[in-house]
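Engineer: Handing you a structure now.
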Amino acid sequence: MTAPRTGELANVSEPALRPSLVSLPMYDVPRAARERFLSVLTAHLKSRGFAPTVTEPADLMAHWRVPDLLLSQTCGYPMVTALRDHVRLVAVPHYDAPGCEGPFYRSAIVVRAEDAARGVEDLRGRVAAFNSDHSQSGYNALRATIAPLARGGRFFASLVETGSHRASIDAVLEGVADAAAIDAVTLALALDAEPTLPLRVLDLTPAAPALPFVTGAGASDAEVDALFEALRASVEEIGPDGTRDAHRLLRVERLDRAAFDVILAQEQTSRALGYPVLA
């Protein structure tokens, strides 16, 4: 069995042995919507000669490094840092959520609805929650927002690492933390599920390309093209039954990987301002 040669976008006659694992989306959507999307996507991948196996990995960073990765969604920050040599960019999504515009998104810096803060400066000396230091939306973008305000490399009194955006939201709601930077799509989906969440958006972080769809570094150009076409067709197909709305996913597009350099620029600017770590 052979993989398609460079330039072949048409269906291949037999499944490629490499790669095979599929895991997406990154966002917490209703199970029925997730399964519908994966079912449609799997069919489109098979029609293009792939042999996809859907998985829900417990360790995403390890999963994104496996050589048989077919298609997944990751965060832009690890894609340009820890995963730089492990994945290839396939597509970037457009989302329908406040803070998103075209293939770009921001994070919402949230506080409890009754919090007296009126601007980010008012968070000085308080407690911030973040999901992971590998996160663009929860860490790097927040650091870039705070860097111009930091003094001697510090701004917050303390930090709470939560492990997920949903856990960061809960930390704020429960008073464990005063603020957190929440991915705009995550926040919109959380409010879809719980419209009365007592949160208030204090500010938005700088924009960056939305969470990229990626494949393994060993994928050929033809495989990347075929993966994009399968993903594009899948997003179109799930539109009429409302699944696309449940994901808040409008469409996908091809972007040059250089578009993600803005993420590294945010990191570098924070360091240049004497704020190398969120503190």
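What follows is calculated from the coordinates using simple rules that are stated; it is not laboratory data. Keep in mind that this is a model prediction, so the values were computed, not measured. In this analysis, Cβ positions are derived from the backbone assuming ideal geometry, glycine residues included, and neighbour counts consider all displayed protein chains.
Engineer: Positive end of the dipole of the chain, charges at C-beta (+1 Lys, Arg; -1 Asp, Glu), about the Cα centre: which of GLY99, PHE50, VAL160 has its Cα farthest in that direction?
Structural biologist: Comparing the listed Cα positions along the dipole, VAL160 ranks first.
Engineer: Restricting to DSSP H runs of at least four residues, report the calculated mean residue ellipticity at 222 nm for the chain, -39500 (n - 2.57) per run over all residues, nearest 500 deg cm²/dmol.
Structural biologist: The helix contribution divided over the chain gives -9000 deg cm²/dmol.
Engineer: Report the calculated FRET efficiency for ARG257 and ALA279 (r = Cβ-Cβ distance, R0 = 30 Å), to the nearest 0.05.
Structural biologist: 0.50
Engineer: Then there's this: Beyond 25 Å, how much of the Cα-Cα pair distribution for the range 42-161 remains, as a whole percent?
Structural biologist: When all Cα pairs of the range 42-161 are counted, 42 percent exceed 25 Å.
Engineer: Any chance you could run the full-extension gain for SER47 through GLU161? It's 0.36 nm times the residue separation minus the Cα-Cα distance, nm to one decimal.
Structural biologist: Full extension from SER47 to GLU161 adds 36.8 nm.
Engineer: Through the Karplus equation 6.51 cos²θ - 1.76 cosθ + 1.60, θ set to phi - 60°, convert the phi angles of the range 106-119 into ³J(HN,Hα) values in whole Hz; use x for Gly and Pro.
Structural biologist: Per residue, the Karplus-derived 3J(HN,Hα) values read 10, 10, 9, 7, 10, 9, 5, 4, 8, 4, 7, 4, 10, x Hz.
Engineer: Any idea what angle helix 184-193 forms with the longest principal axis of the chain, computed on alpha-carbon atoms, 0 to 90 degrees, nearest 10?
Structural biologist: 90 degrees
Engineer: Could you tell me the center-to-center distance, by alpha carbons, between the range 106-161 and the range 37-56 in angstrom?
Structural biologist: 39 Å
Engineer: With 5 Å bins from zero, work out the P(r) of the chain over every alpha carbon pair and list the percent per bin.
Structural biologist: Per 5 Å bin, starting at 0, the Cα pair percentages come out as 1, 6, 12, 16, 18, 16, 12, 8, 5, 3, 2, 1, 0.
Engineer: Packing-wise, with mean Cβ within 10 Å as the measure, how do 79-85, 199-205, 143-149 rank, highest first?
Structural biologist: 143-149, 199-205, 79-85
Engineer: If you don't mind, another one. Given the Cα atoms of the range 145-251, and with Rh set as the inverse mean 1/r over their pairs in the Kirkwood sense, what is Rg to Rh to two decimals?
Structural biologist: Ratio of gyration radius to Kirkwood radius for the range 145-251: 1.07.
Engineer: Using the Karplus curve 6.51 cos²θ - 1.76 cosθ + 1.60 with θ = phi - 60°, what ³J(HN,Hα) values do you get for each residue of the range 246-261, in whole Hz, with x for Gly and Pro?
Structural biologist: Each residue's phi maps through the Karplus curve to give 5, 8, 6, 9, 8, 6, 10, 9, 8, 10, 5, 4, 4, 4, 7, 4 Hz.
Engineer: What does the convex hull of the alpha-carbon atoms of the range 211-279 project to on average, in nm²?
Structural biologist: 6.9 nm²
Engineer: Just need log10 I(q)/I(0) for the range 137-206 at q = 0.19, 0.26 Å⁻¹, Debye formula, equal scatterers on the alpha-carbon atoms, no solvent, rounded to two decimals.
Structural biologist: Reported log10 I(q)/I(0), two decimals: -0.80, -1.37.
Engineer: Could you state the orientation-averaged shadow area of the convex hull built on the Cα atoms of the range 81-147, in nm² to one decimal?
Structural biologist: Value for the range 81-147: 6.3 nm².
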